[in-house]
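Visitor: Following this message is one structure expressed as structure tokens.
The values are calculated or read from the model by the stated rules, or taken from the named source; none is laboratory data. Note that the structure is predicted; figures quoted are calculated from it, not measured. All Cβ positions, glycine included, derive from the backbone under ideal geometry; neighbour counts span all protein chains shown.
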Amino acid sequence: MFSIVRSMWLVFLHMFKKRVTIQYPEQKAKLPARWRGRIVLTRDPDMGERCVGCYLCAAACPVDCISLQATQDESGRRYPAFFRINFSRCIFCGYCEEACPTYAIQLIPDFEMGEYNRQNLVYEKQDLLIDSQGKYPGYNYYKVAGMAIQGKEKGAAINEEKPVDIHSLVP
Amino acid sequence: MDDATISHLLITFGVLAGLLLVAPGLIWLERRLLALWQDRYGPNRAGPFGLLVVLADTLKLFFKEDWIPPFADKKVFVLAPAIVVITVLLSFVVIPFAPGIIVADMNIGLLFFLAMSSMGAYSIILGGWSSNNKYALLGSMRGAAQLISYEVFMGLSLMGVVLMTGSFSLIDIVEAQRYQWFIVPQFLGFVIFLIAGIAETHRLPFDIPEAESELIAGFHSEYSGMKFGLFFVGEYIGIMLISSMVTVLFLGGWYGPSFLPPLAWFIIKMFGFIFFFILLRASLPRPRYDQLMEFGWKILLPLSLLNLVVTGGIILWMNTH
Ligand code: SF4
Ligand code: SF4
């Protein structure tokens, strides 16, 4: 009997507590920096596309919503000819970001992607590619990878040893 | 038509319109208050303070498919929701809101109220029965048992008030409380009537006939659209009815300090109890079915009998001395 009255009193006191509701459109929720939302494709510090079209993200995606076509420019850099994410299927699991070897594909804290037309949820490369380095500033894949492109020979990357001359016997 | 007829008609339609306007408003009130007690805001977007949510709710109910299950007993199925609204509205006939503001002053007002609230049980029983659905039937069986048992204590708990007044007329009962509200001498009766009243309107925590977590929606599982809406309107008017009855019987009806008009006092007291009902809903869990029955028959019945016997004894003693 006493506990009934007590619980009613305690519930009544909740009238004067702080509200937990976030009045959304006027008041934005504070999203953590690593919140998994809209997907972007980032760029190198020197504004080259980071994505090398390796298909790892498309393979990792559990709902198969990424499709792309790799190609190569005249300097030897690989890049996707098209890159398409169907956000009406994406479950924002972040596996694509984990799979990506070049930090190209990243999930950012933004969820306001509502559309009236389902087709508008299919984002093309120009919708995805941003002029920023995203969460990994300073990272440049071709500067650390052993792959030769125009303007960078084999062995010229950071921390990379000179290539072994297989025709010489000197160690 | 003479003046008396016109004013009587005005009062009748005023009461009817007032009830039918306030009942949907209670939906808003309940949602806002529940939200308040759960650290939320509740509906606050549509219109000032979210009041237009009532309109949206009603429109939504009207546009829902009005479905009668093919396996239902059609005539009874359609009739059942109307019964609850009709009986609670009829009960309001005898409630004196203020001096002169009453639809019909019957000398058996209290009995009329009890009769009407028993009739309300038919809506639950018939609604559940005609739905031909096992959950609905279970709900209506529970509802019937609950309403019939709590009816007993409800009637008994009021007899103390009747003994002290010597009349079944609600106006006489209010006037007998001019100097002292019956809540003081009849505190036990007040508590029992309040509990029985909650059970009578099958509001939480005594919403055992509906019990969402066990019976989907109990006796109105199969109802949709405005038929479902009628059950709700009936429930909300029922809350107002029990609140007004408590006010009339135990809190001195329209009496109060004279800086406010009598009607205002009545409405303030009534809304106080509506708040209390909603607070109950916000804070207490639903008892098990057998606990409810046990509580009724083993605690409330002896207590109400005791109340009756003691009140009667004291009145007898006072009359003979
Ligand atoms: S977040 Fe998950 S579902 Fe969405 S594109 Fe990446 S891997 Fe696919
Ligand atoms: S976004 Fe990353 S994982 Fe996907 S194709 Fe480009 S480089 Fe590979």
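One line per residue, one yes/no per condition, for (1) modelled with pLDDT of 80 or more; (2) closer than 20 Å to residue B:305 by Cβ; (3) not aromatic (Phe, Trp, Tyr):
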position: B:160; (1), (2), (3): yes, yes, yes
position: B:163; (1), (2), (3): yes, yes, yes
position: B:167; (1), (2), (3): yes, no, yes
position: B:170; (1), (2), (3): yes, no, yes
position: B:185; (1), (2), (3): no, yes, yes
position: B:191; (1), (2), (3): yes, yes, yes
position: B:196; (1), (2), (3): yes, yes, yes
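Visitor: Same structure again: For region B:227-321, which fully contained helices (runs of 4 or more DSSP H) count at least 2 residues that are closer than 30 Å to residue B:42 by Cβ and within 14 Å of chain A (Cβ to nearest Cβ)?
Guide: Counting at least 2 such residues, we get B:262-283.
Visitor: Could you say which residue among B:63, B:97, B:113 is of a type outside the set (Val, Ile, Thr) and more than 17 Å from residue B:19 (Cα to Cα)?
Guide: Working: B:97 fails: more than 17 Å from residue B:19 (Cα to Cα); B:113 fails: more than 17 Å from residue B:19 (Cα to Cα).
Residue meeting the stated conditions: B:63.
Visitor: Restricted to region A:93-145, and to residues that are exposed (fewer than 12 other Cβ atoms within 10 Å of the Cβ) and of a type in the set (Gly, Ala, Ser), which residue is farthest from residue A:62 (Cα to Cα)?
Guide: The qualifying residue farthest from residue A:62 (Cα to Cα) is A:138.
Visitor: List the residue pairs whose Cβ atoms are under 9 Å apart, where the first residue sits in region A:56-81 and is over 10 Å from residue A:105 (Cβ atoms) and within 16 Å of ligand 1 (Cβ to nearest atom), the second is in a loop (DSSP other than H, G, I, E, B) and of a type in the set (S, T, N, Q), and the two are 6 or more positions apart or on different chains.
Guide: A:65/A:88
Visitor: With the condition kept exactly as written, say whether any residue in region A:28-40 is within 16 Å of ligand 2 (Cβ to nearest atom), more than 14 Å from chain B (Cβ to nearest Cβ) and not charged (D, E, K, R). Steps first, answer last, please.
Guide: Residues of region A:28-40 that are within 16 Å of ligand 2 (Cβ to nearest atom), as a first pass: A:36, A:38-40.
Still in the running and more than 14 Å from chain B (Cβ to nearest Cβ): A:36, A:38-40.
Applying the additional criterion that residues be not charged (D, E, K, R) yields A:39-40.
The answer is yes; a qualifying residue exists.
Visitor: Continuing with this model, one more query. Quick one: residue A:103 ticks every box in (1) on the phi < 0 side of the Ramachandran plot; (2) outside any strand (DSSP E or B); (3) within 13 Å of ligand 2 (Cβ to nearest atom) bar one, so which box is it?
Guide: It fails just one condition, (1).
Yes/no matrix, rows are residues, columns are (1) crowded, with 23+ Cβ neighbours inside 10 Å; (2) within 19 Å of residue B:16 (Cβ to Cβ):
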{"residue": "B:213", "(1), (2)": "no, no"}
{"residue": "B:219", "(1), (2)": "yes, no"}
{"residue": "B:225", "(1), (2)": "no, no"}
{"residue": "B:248", "(1), (2)": "yes, yes"}
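Visitor: Something else now. So residue A:48 fits all but one of (1) closer than 19 Å to residue A:131 by Cα; (2) out of contact with any helix residue (DSSP H, G or I) (no Cβ under 9 Å at 6 or more places or on another chain); (3) at pLDDT below 90; what number is the exception?
Guide: Here residue A:48 meets the rest and fails (2).
Visitor: Now a separate question. Mind listing whichever residues of region A:32-44 are surrounded by 13 or more Cβ atoms within 10 Å (Cβ to Cβ), more than 16 Å from ligand 1 (Cβ to nearest atom) and in a loop (DSSP other than H, G, I, E, B)? First the steps, then the outcome.
Guide: The first filter runs over region A:32-44 and keeps only residues surrounded by 13 or more Cβ atoms within 10 Å (Cβ to Cβ), leaving A:35-44.
Checking the rest, the ones that are also more than 16 Å from ligand 1 (Cβ to nearest atom) come to A:43-44.
Residue satisfying the conditions is A:44 alone.
Visitor: Out of region B:273-313, which residues are loosely packed, with under 14 Cβ neighbours inside 10 Å and without any contact (Cβ under 8 Å) to a residue 60 or more places away in the chain?
Guide: Those that are loosely packed, with under 14 Cβ neighbours inside 10 Å and without any contact (Cβ under 8 Å) to a residue 60 or more places away in the chain: B:288, B:290, B:291, B:294, B:298, B:299, B:302, B:309, B:310, B:313.
Visitor: Please list, ordered by first then second residue, the pairs with beta carbon atoms under 6 Å, 6 or more apart or interchain, first in region B:194-205 and of a type in the set (Val, Ile, Thr), second outside any loop (DSSP other than H, G, I, E, B).
Guide: Matching pairs, first to second residue: B:201/B:238; B:201/B:239; B:201/B:242.
Visitor: Now a separate question. So residue A:97 clears everything in (1) within 12 Å of ligand 1 (Cβ to nearest atom); (2) in a loop (DSSP other than H, G, I, E, B) except one condition, right? Which one?
Guide: Among (1) within 12 Å of ligand 1 (Cβ to nearest atom); (2) in a loop (DSSP other than H, G, I, E, B), residue A:97 violates only (2).
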